[in-house]
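A short write-up of the structure that comes next.
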Amino acid sequence: MHRGPIVLGTVLFCLFAGCTSTSSNNVDQSMRGLTNVKNTHVLRAAYINYPPSMTVDPNTKAKTGIMPDVIGAIGKAMGVQVNYVEETTFASMTDTLDSGRADIVVSGIWPSSARALQADFSRVVYYSPVFAYVLSNDKRFDSNLGSINSSSVKIATIDGELSSIVAQSDYPSANAVSLPQQADVSQLLLQLTSHKADVTFVEPAIADQFLKKNPGSIRRVAGVEPVRLFPNTFLFRKGDTGLRDAVNVAIVELTNSRMISGVIKPYDPDGSHFIVPNPPVTP
């Protein structure tokens with residue numbers, strides 16, 4: 001009998017090759033979220049208040065917006081209930097998922113290389129262009145965003161949010177005027193009107209909402225392209241590919257049926273704020 005050497009060889013092989021135990025005590029992490037949803041018929045959603053992607057009524061806590069409408073349609077197609085269990089932030093959203101308190105983050109989450117190390121993203125639901133905004137009488141950066149990269153320029157940012165990523169990556173010489181991660185995105189524009197910052201980066205939809213309350217106060221920097229074109233996605237726990245893949249199939253179905261373009265239309269009547277992926281075949 002040579003059971004000893006055989007067992008030792010198997011152990012060594014598994015150490016180097018990465019064998020997976022078939023014990024019922026071990027859970028396949030790639031199927032963790034999907035298994036939970038299948039067993040409970042509930043998709044537990046964390047959320048980030050970021051209009052018009054996700055708007056949370058301060059009084060009733062009702063959720064409206066593009067991504068709630070889309071995930072609601074996905075839940076209906078899957079035959080599961082979407083339950084909003086926790087509000088989170090851009091900086092803490094991966095911790096919320098890792099804790100197991102939620103299966104998905106519902107808001108327009110923009111993928112980045114840094115975020116991809118910590119979490120997984122769904123397919124694109126729609127794209128958001130992001131532009132530079134300044135006070136209405138400030139023309140320093142027109143046709144030349146490179147002039148932002150100066151120690152004399154202050155950029156309004158939010159910790160962990162897109163504005164801070166653009167500032168650090170594209171304009172490292174400028175000074176960041178940073179707001180805490182809990183700050184509403186519209187506060188970036190308030191930093192301009194209160195003369196605490198010179199420039200910031202937001203979506204046109206955010207700027208439009210601000211201008212309705214503060215007419216003529218800010219404007220988009222003229223003569224320049226968007227600083228970024230970001231895909232809006234749902235966020236999943238890193239490695240939770242079973243649930244991500246199931247949601248991806250539903251996104252494809254809703255894109256091809258033009259349901260997603262119908263959801264976005266009321267938020268962007270003239271098609272100037274968002275870009276919606278087209279079905280592969282146009283009738």
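Quick grid of which residues meet (1) acidic (D, E); (2) under 28 Å from S257 (Cβ atoms); (3) modelled with pLDDT under 95:
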position: A46; (1), (2), (3): no, yes, no
position: P52; (1), (2), (3): no, yes, yes
position: A62; (1), (2), (3): no, yes, no
position: G65; (1), (2), (3): no, yes, no
position: V70; (1), (2), (3): no, yes, no
position: K76; (1), (2), (3): no, yes, no
position: Q81; (1), (2), (3): no, yes, no
position: V85; (1), (2), (3): no, no, no
position: T89; (1), (2), (3): no, no, yes
Notebook entry, point to check: Can you name every residue in the stretch 101-125 that is under 14 Å from L243 (Cα atoms), in contact (Cβ under 8 Å) with a residue 60 or more places away in the chain and in a loop (DSSP other than H, G, I, E, B)?
Noted result: D103, S122, R123
Checklist line | Positions within the stretch 178-194 being in contact (Cβ under 8 Å) with a residue 60 or more places away in the chain and over 21 Å from Y267 (Cα atoms), in sequence order | finding: Q181, Q182
Next item on the list: Only residues that are closer than 16 Å to N232 by Cβ, in a helix (DSSP H, G or I) and not charged (D, E, K, R): list them for the stretch 58-81, please.
Entry: I66, M67, P68, V70, I71, G72, A73, I74
Check: Looking only at the stretch 9-44, which residues are at pLDDT below 85 and of a type in the set (S, T, N, Q)?
Finding: T10, T20, S21, T22, S23, S24, N25, N26, Q29
Note to self: Looking at the structure I just gave you, is D184 of a type in the set (D, E), buried (at least 16 other Cβ atoms within 10 Å of the Cβ), in the same structural domain as N137 (by TED's automatic domain parsing) and in contact with a strand residue (DSSP E or B) (Cβ under 9 Å, 6 or more places away or on another chain)?
What the structure shows: no
Next item on the list: Determine whether P266 is without any contact (Cβ under 8 Å) to a residue 40 or more places away in the chain and assigned to a helix (DSSP H, G or I).
Entry: yes
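The values are calculated or read from the model by the stated rules, or taken from the named source; none is laboratory data. Computed from a prediction, not measured in an experiment: that's the story for all the values here. Backbone-built Cβ (ideal geometry, glycine too); neighbour counts: all protein chains shown.
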